[in-house]
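The values are calculated or read from the model by the stated rules, or taken from the named source; none is laboratory data. Computed from a predicted model, the values in this text were never measured in an experiment. Note that each Cβ is placed from the backbone with ideal geometry, even for glycine, and that neighbours are counted across all protein chains shown.
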Amino acid sequence: MPKQAPTFESIALTAQVSKATVSLALRGSPKVKTETRKRIQKVASELGYRPNPLVSAQMSHIRSRKKRKTTTTIGFLNTWFDEKTGKRLKWNIIGRFADGARERAKSLGYNFQILDFDRSRCSDSRIESILLNRQIDGLVLAPLEFSDSQFDFDWSRFALSAIGYFEAFGNIHRVYYDNFKGMQNLLTKLIGRGYKRIGFITDLEDESRGGHFWIGSFLDYQFRKILAKDQIPILNFSVRETEMTPNDYAKTIDWIETNKPDVVLSFRDGFLKFFERSGYNVPKDFGYAALCINSDMKDCAGFIQNLEDIGSTTVDIIVERLYCNERGALPEPKITLIGGKFVEGSTIEAKRKDLSST
């Protein structure tokens, strides 16, 4: 059987001092005479004592606070919030990240707080002050409303992880979808079902939020796997589909009629609804697949991400950083990518008929 790890009590008995003195000596406290401190440290080493880094880090952090507390708190910083109405925005998505983070934090014994701020009404310095007053130790940074948002925070007091690729997060460990692999898997699925001319409608905002991996993956796959005669130019907009004008939507009709795709990819189902209103029969005229499937999209095929898993992973990263007593930004950014999966839907056919010969 493995030798039992020494305790403060066993060290105290061997060194013939109190447990309190052992605790002070092993922390290098000047309250214990140098000679006694070194003797206790030598006894501990001979007995095989090794400090628990999580306990050491947590106790060190607790002692640095004016108010003592017994439980570490992980916060979820949500800036999708309208202070005037008191409503959380995009909570069908942001809330799922929060649910995953909350469940993981509580399963590991941490307190969890959702921290809602309307940045149009609350300055960064005010937000930072509130986080410190609430004694937040770890902080999950939820996706921002705009990809070009900026933060003026001193992150050095928090163990951090972020959701998304936002430049505002700087060198903070980020967690997000594996967009590159997701796109490749979806394209492979469509090719396997007989689709040849695959069109992609994208926009600058979604690409920026996703690290430009969607468009990079599509172009890579198109170059390697799709015949030149079947390659369709990407239709790229400057704003997301939820912010597009009727004229923007009208451009997609010209693109469809000019390029004749047999399947269209986009992020959500806004274009699908527009095509159906415009008289197209999906999937008979062409198929449709969404890259960011959610519960609001009825029977639409595409790629779905596990948002709860992403939230859970951010907490695992924070806990690891707390364990190592690491706070603030990293010397270099790190990214953890979480996979998703294909979901069936009525918007694509099980096997596309080859209409080129009819």
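Here are some notes:
- Meets criteria (out of contact with any Pro (no Cβ under 6 Å at 6 or more places or on another chain), in the same structural domain as Ala12 (by TED's automatic domain parsing), charged (D, E, K, R) and at pLDDT 85 or above) for Lys38: yes
- Subset of region 198-249 that is surrounded by 14 or more Cβ atoms within 10 Å (Cβ to Cβ) and acidic (Asp, Glu) - its residue that is nearest to Arg352 (Cα to Cα): Asp230
- Matching entry among Phe218, Phe169 (being among the aromatic types (Phe, Trp, Tyr) and either at pLDDT below 95 or more than 20 Å from Val343 (Cβ to Cβ) (or both)): Phe169
- Lone unmet requirement of (1) more than 15 Å from the chain's Cα centre (by Cα); (2) buried (at least 23 other Cβ atoms within 10 Å of the Cβ); (3) closer than 24 Å to Ile130 by Cα for Trp155: (2)
- Test for Leu186: is it closer than 30 Å to Phe223 by Cα and either modelled with pLDDT of 95 or more or not assigned by TED's automatic domain parsing to the domain that holds Gln222 (or both): yes
- Pair list, Cβ under 8 Å, 6 or more apart: region 233-247 residue touching a residue at least 12 places away in the same chain (Cβ under 8 Å), other residue among the charged types (D, E, K, R) and part of a loop (DSSP other than H, G, I, E, B): Glu241/Arg268; Thr242/Arg268
- Qualifying position, being more than 23 Å from Ser147 (Cβ to Cβ) and not aliphatic (A, V, I, L, M), among Gly287, Gly311, Gly339: Gly287
- Selection count, region 319-339, where residues are of a type outside the set (Ser, Thr, Tyr) and either in a strand (DSSP E or B) or buried (at least 17 other Cβ atoms within 10 Å of the Cβ) (or both): 7
- Residue count for region 88-146 satisfying the condition of being in a helix (DSSP H, G or I) and β-branched (Val, Ile, Thr): 4.
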